[in-house]
Amino acid sequence: MTLLLAVTAGILFATGLYMMLRRSLVKILIGLLLLSYAVNLLLFSSGKLTPGKPPIISFTGASIITANYADPVPQVLILTAIVISFGLTAFAVVLILKAHQTIGVDDLDQLRATDVLSEEDHTRELDLEEIDHCESEGDE
Amino acid sequence: MLFFLGAGFILAALIPFFHRITGRWTAYIASLYPIAVFIYLLQRINSPAQRHTISWVPSLGLDFSIRLDGLSLILAFLVSGIGALVLIYGGAYLKNHPYLGRFYGLILFFMASMLGVVSSDNALLLFGFWELTGISSFLLIGFDHDNPSARAAAWQALLVTGAGSLAMLIGFILIFQVTGSWSLLTWIENGALVKVSSHYPAIFWLILAGAATKSAQFPFHFWLPNAMAAPTPISAYLHSATMVKAGVFLLARFLPVLGGTLLWKTTLPILGILTLLTAGLLMIAQHDLKKLLAYTTVGALGLMVCLIGLENKYAIEALVVFILAHGLYKGALFLVSGSIDHSTGTRDVRILYGLAKKMPFSLAAALPAALSMAGILPLLGFVAKELVYEAGIASPKNALLMIGMMLGNGLMAAGAGWVGVKPFFKRQSTPEERDFHRDHVHEGSFAFWLPPLILSFLSLTFGLAPGLLLPLVKSAVTAVTLQNIDFKLALWHGFTPALGWSALTLLLAGLVYLMYSKLEPRAFTIFNHLKPFGPADLYDRGIQNLKRLAAWQTRILQSGYLRRYIITIIMTTVFFAVLIIARYGIELSRLISFSISGVRFYDVILTIIIIVSAILATRTQSRLATIALLGSIGYSIALIYLFYSAPDLAMVQIAIETLTVILFILVIYRLPKFDRITTPPRRRLDIVVAALGGGLMTILMLLVSSATVGSPLTDYYLQNSVALANGRNVVNVILVDFRGLDTFGEISVLAIAALGVLALIGPSLQKKITAQILNEAGDRNNAGKSRIHRSIILPVAARYLMPLMLLFSIFLLIRGHNEAGGGFVGGLVAAAGFMLYGIAESPQAILRLIPLQPRAIMAIGLSIAVLSVSMPLFTGLPLMTGLWYPQPVAFLGKIGTPLLFDVGVYLIVIAITLMILINAAREESLR
């Protein structure tokens, strides 16, 4: 099963990466989601895969045989990771929506107005003007 | 001394605020600090040097270790004495300047740093204070930060001295490696050890680099004249009297450690004389009072470095007296030149004339200072110069040395005349149009002339009675040479060879002084031609090229394309991973055979679903299909979790997957379409990169799971979950108890993400939404007219399902500590229940249903979490200790603060989920 899981995570990771290499903003977001699935699986397999023995202590005797239970530590890590990545996804979705509404483009390459070094200055100003223009439209 | 250092920094931070209250009295209040230091130092003259140490970072050998010896005292007297005068003078000079408060603060900051430099016994501490003086110098040179040339000069000074001090630090580290200690005293005691070590030449050059940059030695002399961009009181204080002497101080301090070798004895005199002559010649081309003074300062510093290199009995005595004499006369001349500037509006020595009658007090201050600088009887400068010549004569092979000293001193003396005499006594000879407004010229308030007058008075007093300085000079000489040399200080030594050299010097000075108007323009032209070869231009070119290099590599590395960044990161990681695998070798076949066992048929089915969905998700053009595919991946993974003993994970995954799908459904038609933008060759490259990354991930996972070592943490948690935390569900116990702080951080992050969503939606939209809700409340009866066709089944079902889901969520919350469940999954289920209702009715309907805004619920949840976390503090236990009610309670079992914490988590999760989803949905209905 470990091998199967490793291959699955690898494919998830590869598809996630591929999507992150797209220029479309939404595809990048999808890529991010796929990546987080893959990483969660990686974490999950770092504990031994133990069927049918969840880490819920069944009796309260003095000596507890720990070897039988599934490892709780990766589970805790994944649990927080899942919830956090939901927060991340939600924020990213709203950000993309807002960017799409404001600038009106979906192509990542056209979103470079703010972080390009020594591009011709006039094109840069032009872009900024466009953004201003769009913003004032968006507010109406 | 420790007390004064601490007090200085605190005062420096506070004084700008005091200034708003105390106004023009600030200068006097601030000057109380250096005066107090001065009085303290006076008491220390005859007491032996003691070391006070406070341990700071013992593991790094960094101690707060202070030791005041004679050499420290000399500098400390200059720092505190001139500091007090400069504060008073500066208060008048910068009157009405908007940054006057900042000036006081920075001067005090510098003062404390400089006192730290001269009194540190720990080399690392010395380096720290050294850097602080550099930073305060940077801030003070750039004091008029509106002026671009002041900014450039500030940068130049910082970069040149900063580079030097880094070299110095490396030198310190090398000495540490030789001696095994950071204490300067230990270094001094083990000087022989350092001198024989193989590191010695490196140490020498590195420390010399630190000293030469700080004290503006050739070829680093250019930053000091540029530093004159600072207001005059600052130049007088930092860039002539005190800070620039730090380099000289450093060399004198290290004389017992590094001195006495051939390298030391050759390099320092050559460097010193070279600096002296360069400064003297460059000075001729100047006409600005301050620049003239700056070059003479460079020259004087050169002479001091030369003296340290001579290393005979007179040399160190001469050095000490010269440091004092120079501080006194140069400080006075700078302050007077500031007064002249303030009064006439110009510092051009070619224009100024006949100020003697208009500014008598300034003249009284300037004349003794200039005479002292020229080395004329009966001032302290004369005593110093006699000693300098004695030292020169006493050293072997002295002919070249003496001529160099004589030429340099002659030029300096001429400069003294140009600055301190010429403006006062010269008759008018300039053409009318270049004249300054002579009628307005007046003597400033006493704060302008009293400080330089005090300094000049001291020059005269100590000149007439040099014996007054004897105890101080003696202890300083002892501190440097480590020998108790017996000597006397006298004004008149009789007719000695030194006197002859003095006479020659004055003769040369007189000639140069008279020829100024002829020499200045010629020198100016010559040096203008030489400028492209000078170190200043070299520095400029270096800086420009550095910037170009930075821009070039930024263009390469930061292209602005996310794609390229990702490709770079992936390929770099893969590269290093392959490197490591190639180095250590991995038996892939063994890994695979190890991990192939135990496959069940539903494992295969689930992984096939995941793989097919993932690949399809990259191919499809339909947004809805993509979301459905993502959902199927998520639910399949949840099932894997369930099969492999992680029920909590499975529940959370299913809940989150549901909410994610809801989120996407709410916004889907406003998301941009999935156009194919990239070209096929690009896509092929991307596939290769992605496949490499994925392959690496697979190998990594196989490696991780083949590792047989279990974590001791796991056993600990399993063993102690019931005993220490009263919970049988170990995952939940770790979340709310063992690692509660992490969870607390996590829910805070979630809260911030939700607030971020709120902020992105924007305040203007928020208002509109409120208005819309009000309208909708009125329009409820007209729901039939809504533009969306609603099903009847869903609203009816939702109305019954929602309360059930809420009840179930509370059930999950309560049982979470002992069975699968908990605050996270409970909150998510509750939010899903609300959203079901929201989809059936409208998102706004949820808000009408719950009494509080989600924001308020979030705040309450966070408060509960904070309360439960901090409650143990009130009982004297550490933060986050679990407190438990002794008896089990009906339905709930044992209750305690970790459960309360889980309630906080539960509320926050509900709140942020609602905030995110309702806001995303609201925007939908607004479009």
Residue within region B:392-404 that is out of contact with any His (no Cβ under 9 Å at 6 or more places or on another chain), of a type in the set (A, V, I, L, M, F, W, C) and either surrounded by 24 or more Cβ atoms within 10 Å (Cβ to Cβ) or assigned to a loop (DSSP other than H, G, I, E, B) (or both) present: no
Residue that is farthest from B:L700 (Cα to Cα) [pool: residues in region A:29-39 that are more than 7 Å from chain B (Cβ to nearest Cβ) and touching a residue at least 40 places away in the same chain (Cβ under 8 Å)]: A:L29
Qualifying residue in region B:55-73 (condition: of a type in the set (A, V, I, L, M), more than 19 Å from B:W187 (Cβ to Cβ), surrounded by fewer than 15 Cβ atoms within 10 Å (Cβ to Cβ) and touching a residue at least 24 places away in the same chain (Cβ under 8 Å)): no
Neighbours by Cβ (under 6 Å, 6+ apart or cross-chain): first from region B:301-327, in contact (Cβ under 8 Å) with a residue 12 or more places away in the chain; second polar (S, T, N, Q) and surrounded by fewer than 24 Cβ atoms within 10 Å (Cβ to Cβ): B:L310/B:S395; B:N312/B:S395; B:I316/B:T481
Residue ID - nearest to A:T15 (Cα to Cα), chosen from residues in region B:596-622 that are facing chain A (nearest Cβ under 9 Å), among the hydroxyl-bearing types (S, T, Y) and part of a helix (DSSP H, G or I): B:T618
Output for region B:344-362, where each listed residue is over 42 Å from the mean Cα position of the chain (by Cα) and crowded, with 21+ Cβ neighbours inside 10 Å: B:L352, B:L355, B:M359
Selected residue [of a type in the set (S, T, N, Q) and over 24 Å from B:L78 (Cα atoms)] from B:S119, B:S181, B:S136, B:S113: B:S181
Hey, B:I82 over 30 Å from B:F17 (Cα atoms), hydrophobic (A, V, I, L, M, F, W, C) and in a helix (DSSP H, G or I) or not: no
Only listed residue being touching a residue at least 12 places away in the same chain (Cβ under 8 Å) and more than 7 Å from chain B (Cβ to nearest Cβ), chosen from A:S85, A:S24, A:S45: A:S85
Residue tally, condition surrounded by fewer than 24 Cβ atoms within 10 Å (Cβ to Cβ) and more than 8 Å from every other protein chain (Cβ to nearest Cβ), over region B:741-754: 6
Residue satisfying condition, being closer than 30 Å to B:R855 by Cα and in contact with a helix residue (DSSP H, G or I) (Cβ under 9 Å, 6 or more places away or on another chain), within set B:G695, B:G756, B:G727: B:G756
Flag for B:G338 being of a type outside the set (A, V, I, L, M, F, W, C), in a helix (DSSP H, G or I) and farther than 30 Å from B:V480 by Cα: yes
Any hit, region B:581-592, residues being loosely packed, with under 14 Cβ neighbours inside 10 Å and modelled with pLDDT of 80 or more: yes
Test: residue in region B:644-651 that is part of a helix (DSSP H, G or I) and more than 9 Å from chain A (Cβ to nearest Cβ): yes
From B:L511, B:L469, residue being crowded, with 18+ Cβ neighbours inside 10 Å and at pLDDT 85 or above: B:L469
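Given the structure, is B:L666 surrounded by 16 or more Cβ atoms within 10 Å (Cβ to Cβ), in contact (Cβ under 8 Å) with a residue 40 or more places away in the chain and more than 7 Å from every other protein chain (Cβ to nearest Cβ)?
When the stated conditions are applied, B:L666 passes them.
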Which numbered condition B:A725 fails, given (1) closer than 20 Å to A:S58 by Cβ; (2) modelled with pLDDT of 85 or more; (3) not hydroxyl-bearing (S, T, Y): (2)
Every residue from region B:678-726 that is polar (S, T, N, Q), outside any helix (DSSP H, G or I), over 30 Å from A:R23 (Cβ atoms) and more than 7 Å from chain A (Cβ to nearest Cβ): B:T708, B:N726
Residue match in region A:2-12 (condition: in contact with a Ser or Thr (Cβ under 6 Å, 6 or more places away or on another chain), facing chain B (nearest Cβ under 7 Å), closer than 18 Å to A:Q75 by Cα and at pLDDT below 85): yes
Residues (at the interface with chain B (Cβ under 7 Å from one of its Cβ atoms), more than 15 Å from A:L33 (Cα to Cα) and surrounded by fewer than 21 Cβ atoms within 10 Å (Cβ to Cβ)) located in region A:88-108: A:L95, A:K98, A:H100, A:D107, A:L108
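The values are calculated or read from the model by the stated rules, or taken from the named source; none is laboratory data. Since the structure is predicted, the reported quantities are computational estimates derived from the model, not experimental observations. With ideal geometry, Cβ positions are generated from the backbone for all residues, glycine too; neighbour counts draw on all protein chains shown.
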